[in-house]
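Data first, discussion second: the structure below is written as structure tokens.
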Amino acid sequence: MKKLLLFLLGTFLFSFSESAFAQDSITIQDLEQFSYTFSIEGDSFQGKGGEILSSAIANAQITMFGEDAGSKLEHQFANALINELDQNNYKKMVLETGGGAGQLINKMARNSELTSQNIKALNQKYLLEKKGGTFVPILELRNLEAIQSIENAHNREWSFLSVGIEPWTSYKMLVDNLYDNLLPNNKQTYQNLYQETAAFIDQQYAAINAYNSDEVHKLMTELKSAKCLNDFLDKMSICEGNRATIKAIQQSIEYWGMYGNKQYYEKNVWSAKQDKRKLAEDLKKENFDINKEKLFLKMYRNHLSKSMTGGGAFGVGNMLYELADYHEKEVLAIGFVRRFYNDGKAIKDLSQATDGFNKKFREFVQLGKKEEWILVDLRPFVKEFYYGNYIITDGIYRMFNRYDMLVIPKLDSKATANY
């Protein structure tokens, strides 16, 4: 009996092994079936890839663009994308700026101040030079090309909503903005408290040596226990228009506190919940009707996904994907990944990257070309390969589970700093 059991077990394992090894690996030739070249000419999409993209946009009620921070060509693509979306009756854009910065952007738009030059002056006023780089108060507006695409949307009379957590580099700017919003008599009443708070933040910024969890932990510890800052935020609520910014500052301190304590997963899940609540509240205030209106989201690629984000949370992308599905509307999720990149010294090929972050995109990134834009349509790819005897690697699974399309630019470079 024992020998029979061993024989049956061996036969099962051999059959399982044969079945596993018989699975087909997905090759670059398989992927190429779903990749198309396109070009951007006169801020519009041309070529077969452009036709597929334009058709998908026309059918979508919500379009989501997961950008690659720091890329110059992503902003060229975003600008052309806004033009295409505008032709399809899109008029609302969600930016990943944080609630306080979002209010400031809308204020600048209303006052016809949302220009590259004005943003440059804002960045220069509040930038922080620390070990590891230069940091501006509104990360979304640190590059000239990014500002130009937002200007483009503004010039087409789009309105802006915001999600995201304020960076700790924004606090001085937001404190100034809270005080500037007060009526003259209230400014006089709280002038000393404002000056004390502004000086305190300057002092804390000066004590930060670098952007890392240990340094941020020290900063958040000081901010949480600072009587002047807490009193200031309490008093600034006298102006109703300040309350969203006050909430944004308080949430930011909570978020960066978790970062400082190395609670990375916790902060990702927590911030995703805040994003969803904030967007839901803003859409309700705007009386947004998904059956009649369209929505465009532009966020960092790792934060925007139609399923789980790179940080392990279900964010606004997933929320909107499910909402649209309930209303029988289409969502288009576009991820931007690059292959060839000129860092100013040499041309790098990210298909050869060995770090964990870029290895996840390697299989699709290898489709990129130096001279041409590439669109990878993942929708028919999933239909073809999800079922059947195929080996689906973790990198491939992540891509089609998060995006409907991938855009791979031609030879890319660093975006132009606007500070």
Over the chain, with a Gaussian network built from C-alpha contacts below 10 Å, which listed residue (59, 291, 143) shows the highest mean-square fluctuation? 291
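Over all pairs of distinct alpha carbons, what does the Kirkwood formula give as the hydrodynamic radius of region 213-284, in Å? Walk me through the numbers before you get to the answer.
Values: mean 1/r = 0.0750 Å⁻¹.
Across region 213-284, the inverse of the average 1/r is 13.3 Å.
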Using alpha-carbon positions, what is the distance between the centroids of region 109-141 and region 165-236, in Å? 18
Round to a whole angstrom and tell me the spacing of the C-alpha centers of region 262-287 and region 362-402. 29
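If you average the sequence gap of Cα pairs under 8 Å that are 6 or more apart and divide by the length of the chain, what percent do you get for the contact order?
Working: 672 pairs, mean separation 108.8, N = 419.
Normalised by residue count, the contact order of the chain is 26 percent.
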Residue-normalised accessible area of the chain, given per residue in Å² at a 1.4 Å probe: 48
For the chain, find the longest principal axis of its Cα atoms and tell me its angle to the long axis of helix 144-155, 0 to 90°, nearest 10. 80
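Which translational diffusion coefficient, to the nearest whole µm²/s, is obtained for region 374-419 from the Stokes-Einstein equation, given a Kirkwood hydrodynamic radius over C-alpha pairs, 10 °C and 1.306 mPa s?
Details: Rh = 12.8 Å.
In µm²/s, the coefficient is 124.
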Cα-Cα longer than 28 Å, checked against 107/285; 294/360; 92/360; 172/227; 131/369, kept in input order, equals 294/360; 92/360; 131/369
Can you give the convex hull volume per residue for the Cα atoms of the chain, as a whole number of Å³? 183
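Averaging over every viewing direction, what projected area does the convex hull of the Cα atoms of region 226-328 cover, in nm²? Could you put the intermediate results ahead of the total?
Working: hull surface 31.9 nm².
Mean projected area of the Cα convex hull: 8.0 nm².
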Cα-based helix-to-principal-axis angle, 213-224 vs the chain, degrees rounded to 10: 40
Computed [θ] at 222 nm, helices only, for the chain once each DSSP H run of length n ≥ 4 contributes -39500 (n - 2.57): -16000 deg cm²/dmol
Report P(r) for region 305-404: all Cα-Cα distances, bin width 10 Å, range 0 to the bin holding the largest distance, values in whole percent. 13, 39, 34, 12, 2
Degrees between helix 99-110 axis and first principal axis of the chain (Cα, 0 to 90, nearest 10): 70
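Go through region 180-273 and name the trypsin sites (Lys or Arg not before Pro) that are in a DSSP coil and have 16 or fewer other Cβ atoms within 10 Å of their Cβ. Before the final figure, lay out the partial values.
On the way: sites: 187, 218, 224, 227, 235, 243, 247, 262, 267, 273; in loops: 262.
Sparse-neighbourhood loop trypsin sites (Lys or Arg not before Pro): 262.
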Please check the chain for the longest run free of GluC sites (Glu not before Pro) that are loop-located per DSSP (anything but H, G, I, E, B) and have at most 10 other Cβ atoms within 10 Å. 158-327
Neighbourhood net charge (14 Å Cβ-Cβ; Lys/Arg +1, Asp/Glu -1) for residue 188: +1
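Report the relative contact order of region 328-419, percent, no decimals, based on alpha-carbon pairs under 8 angstrom and at least 6 residues apart.
Values: 141 pairs, mean separation 40.1, N = 92.
It comes to 44 percent, rounded to a whole number.
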Could you work out the local net charge near residue 96, counting Lys and Arg as +1, Asp and Glu as -1, over the other residues with Cβ closer than 12 Å to its Cβ? -1
With a 10 Å cut-off between alpha carbons and a GNM built on the chain, which of 79, 106, 230 moves the most? 230
To the nearest 0.05, the calculated FRET efficiency linking residue 41 and residue 273 through their beta-carbon distance, R0 being 56 Å, is 0.85
With +1 at each Lys and Arg Cβ and -1 at each Asp and Glu Cβ, the charge dipole magnitude of the chain around its Cα centre, to the nearest 20 debye, comes out at 800
Compute the label zone of residue 151 within region 116-132: residues whose backbone N is under 14 Å from the point 7 Å along Cα-to-Cβ. 116-122
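Measure off, as a whole percent, the carbon and sulfur share of the 1.4 Å-probe accessible area of the chain, all protein chains present. Before the final figure, lay out the partial values.
Numbers: 9850 of 20320 Å².
The value for the chain is 48 percent carbon and sulfur by accessible area.
The values are calculated or read from the model by the stated rules, or taken from the named source; none is laboratory data. Only a predicted model underlies this, so the values are computations on that prediction, with no experimental measurement involved. In this analysis, Cβ positions are derived from the backbone assuming ideal geometry, glycine residues included, and neighbour counts consider all displayed protein chains. We work out accessible area using only protein heavy atoms, side chains counted, and drop any ligands, DNA or RNA first. Shrake-Rupley method; radii C 1.70, N 1.55, O 1.52, S 1.80 Å.
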